[in-house]
Amino acid sequence: MYIRDTIAAVSTPPGNGGIGIIRISGPQAAEVGHIIFRPIHDGGLVSHRFSFGTVCDGVSGTPIDEAMAVFMRAPRSYTREDVLELHCHGGWLIVEKVLALALSCGVRLADPGEFTRRAFLNGRIDLIQAEAVMDIIASNSEAALQLAQQEREGSLSMHLGEVREQLLRALSRVEAYIDFPEDDLGETDVSNIVAAVGVASDMVSSLLSTYDDGRVLRDGVSVLIVGKPNAGKSSLLNRLLDEERAIVTHFPGTTRDIIEETVNFGGLAVRLLDTAGIRHTEDFVEQTGISRTLAKIPQADLVLAVFDSSRKFDQEDQMILDAVGGSRTIAVYNKTDLHQQLLMPGPQNFIATVNIAAITGDGLETLINTVREQALKSPIPDSRDFIVLSRARHRDSLALAEKCLDRIAQNISDGNLELLALDLREALFAIGAVTGQTTTDEVLDQIFSSFCIGK
Ligand code: GDP
């Protein structure tokens with residue numbers, strides 16, 4: 001439910017910074033400005049103009065901080081309500097004081113994501129765009145940011161709008177016949193409905209096929225580094241990180257826990273996990289590390305199996321092969337700077353193989369490109385107009401729509417108009433759940449509660 005009261009929150013991150021921004025949205029925003037802000041120039045706050053002045057205690061008139069204030073008259077604001085922003089000094093105490101002053105004027109502290117929720121409820125943005133705002137804030141790679149910006153600009157929303165158009169067209173024809181039951185569905189109408197449903201269905205299916213890549217672009221890809229002790233896993237990780245994060249020694253078995261770091265491979269976020277070397281051991285701590293590694297293998301998007309190519313194939317290498325069987329594994333033959341002795345026992349099921357020397361950095365670029373290629377079904381497009389699905393919520397709703405559309409395609413020849421209308425409405429409902437037209441309050445609560453306060 002949307003109560004049109006006035007909300008306030010600190011919109012800058014917690015802690016100390018150069019500037020702290022307190023945002024106030026709702027019908028009392030102008031009044032709060034009037035009570036606690038004194039502009040140095042006469043004439044009060046003018047909409048969409050910054051004013052320099054002082055934040056003061058409304059009752060005693062005591063100056064609290066020097067600040068800039070901007071008032072944005074509805075509907076030309078983030079929430080489409082009256083909005084006041086006070087830009088004061090960014091110390092946590094001063095920011096809290098200014099917020100307390102605003103609250104003392106009778107406004108309430110905003111819930112997490114409530115400003116964006118109001119922007120959604122007031123129709124400024126749809127739900128996809130609201131989620132994109134959150135993604136922009138959370139983006140940790142170029143690819144994720146580009147995707148989020150596109151969704152905020154409405155590319156996915158427009159695409160789904162076209163799907164909706166097709167389905168509404170089909171539904172209006174079906175409903176016309178339900179209203180005039182004496183007419184049978186004519187052949188042209190059937191073919192028009194089939195065509196509209198076909199177009200919608202193709203659009204939904206091709207969107208669904210982009211989900212795996214979309215998820216990787218948004219969340220990044222997890223890459224697990226495995227290998228026997230001393231194969232060079234930590235050296236490889238350090239090279240990739242370009243810093244000394246994991247301990248590199250010449251004693252086997254030093255990386256006993258899993259080390260996780262996120263790196264950027266040409267705009268793609270890659271979560272690298274360096275693991276304990278896999279081998280037979282009596283050492284309990286090491287055994288625990290190895291069990292953890294083995295448990296992680298099936299969860300990783302990609303596995304880098306590192307082999308020491310300067311040594312003969314042995315039992316421990318065989319353990320690696322056994323452990324990674326069934327996973328999407330890139331074989332990494334390390335230590336190519338040394339005399340080569342490794343001979344694999346027959347053909348293996350690797351998705352790619354790369355030769356490297358972690359110690360010199362040779363082959364690293366090829367490895368990085370191979371990871372990028374294998375992480376995505378299609379290369380990252382350069383253009384800003386690619387549309388992909390990246391959220392499980394969107395995928396689940398569209399999968400539901402796809403099922404309805406499949407049912408319609410199968411049943412249309414039966415001529416059961418009521419059933420046809422039901423399935424069309426259900427498909428429209430599922431698409432509306434993505435854009436927010438038919439999303440339940442529970443789902444909205446869930447989405448917006450994961451925002452930060454002040455957004
Ligand atoms: P891990 O146990 O698999 O993590 O292996 P480390 O990264 O700790 O490396 C084990 C030893 O192999 C260290 O002495 C490294 O300096 C050495 N090493 C790693 N990569 C290479 C390489 O490409 N060439 C050579 N010659 N030595 C390497």
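Do we find that Gln287 is assigned to a helix (DSSP H, G or I), more than 15 Å from the ligand (Cβ to nearest atom) and in contact with a Lys or Arg (Cβ under 8 Å, 6 or more places away or on another chain) in this structure?
no
Could you please find all residues in segment 86-118 being more than 22 Å from the chain's Cα centre (by Cα), surrounded by fewer than 17 Cβ atoms within 10 Å (Cβ to Cβ) and part of a loop (DSSP other than H, G, I, E, B)?
The answer is Gly91, Ser104, Gly106.
Hand me the list of strands (runs of 3 or more DSSP E) wholly inside segment 1-74 holding 3 or more residues that are of a type outside the set (S, T, N, Q) and either touching a residue at least 60 places away in the same chain (Cβ under 8 Å) or under 24 Å from Arg118 (Cβ atoms) (or both). Please lay out each step first, then the result.
Details: elements: 7-10, 17-25, 37-39, 50-56, 63-72.
Ranges flagged: 7-10, 17-25, 63-72.
Of the residues Thr353, Thr336, which is in contact with an Asp or Glu (Cβ under 7 Å, 6 or more places away or on another chain) and either more than 11 Å from the ligand (Cβ to nearest atom) or outside any strand (DSSP E or B) (or both)?
Details: Thr353 fails: in contact with an Asp or Glu (Cβ under 7 Å, 6 or more places away or on another chain).
When all the criteria are applied, what remains is Thr336.
Just name the residue that is farthest from His159 (Cα to Cα) out of those in segment 207-221 that are open to solvent by 10 Å² or more (accessible area, probe 1.4 Å) and touching a residue at least 60 places away in the same chain (Cβ under 8 Å). Let's see the steps before the verdict.
Our first condition is that a residue be open to solvent by 10 Å² or more (accessible area, probe 1.4 Å); within segment 207-221, this holds for 208-213, 215, 218-219.
Checking which are touching a residue at least 60 places away in the same chain (Cβ under 8 Å) leaves us with 208, 210-213, 215, 218-219.
Working: Leu208: 13, Thr210: 14, Tyr211: 15, Asp212: 19, Asp213: 18, Arg215: 18, Arg218: 19, Asp219: 22 Å.
In this case the residue turns out to be Asp219.
Give just the number: which of (1) in contact (Cβ under 8 Å) with a residue 12 or more places away in the chain; (2) outside any helix (DSSP H, G or I) does Thr438 not satisfy?
That leaves (1) as the condition not met.
What single numbered condition from (1) within 30 Å of Val190 (Cα to Cα); (2) assigned to a loop (DSSP other than H, G, I, E, B) fails to hold for Ala421?
Against the list (1) within 30 Å of Val190 (Cα to Cα); (2) assigned to a loop (DSSP other than H, G, I, E, B), Ala421 comes up short only on (2).
For segment 190-202, how many residues are touching a helix residue (DSSP H, G or I) at 6+ places or on another chain (Cβ under 8 Å) and either hydroxyl-bearing (Ser, Thr, Tyr) or open to solvent by 30 Å² or more (accessible area, probe 1.4 Å) (or both)?
5
Please identify the pairs in which a residue from segment 284-299 that is at pLDDT below 80 has its Cβ atom under 7 Å from the Cβ atom of a residue that is acidic (Asp, Glu) and open to solvent by 70 Å² or more (accessible area, probe 1.4 Å), counting only partners at least 6 apart or on another chain.
Pairs found: Gly289/Asp257.
Starting from residues that are touching a residue at least 40 places away in the same chain (Cβ under 8 Å) and charged (D, E, K, R), keep the ones in segment 224-242 and report whichever is nearest to the ligand (Cβ to nearest atom).
Going through the qualifying residues, I end up with Lys233.
Across segment 258-279, which residue is most open to solvent (accessible area, probe 1.4 Å) among those that are small (Gly, Ala, Ser) and assigned to a loop (DSSP other than H, G, I, E, B)?
Selected residue: Gly266.
Does Thr366 meet the test of being within 16 Å of the ligand (Cβ to nearest atom) and not in a helix (DSSP H, G or I)?
Values: within 16 Å of the ligand (Cβ to nearest atom): yes; not in a helix (DSSP H, G or I): no.
Criteria not met by Thr366.
The values are calculated or read from the model by the stated rules, or taken from the named source; none is laboratory data. Note that the structure is predicted; figures quoted are calculated from it, not measured. Counting neighbours? That spans all protein chains shown, and the Cβs are built from the backbone with ideal geometry, glycine included. Accessible surface is based on the protein model in full, side chains and every heavy atom, while ligands, DNA and RNA are left aside. Shrake-Rupley method; radii C 1.70, N 1.55, O 1.52, S 1.80 Å.
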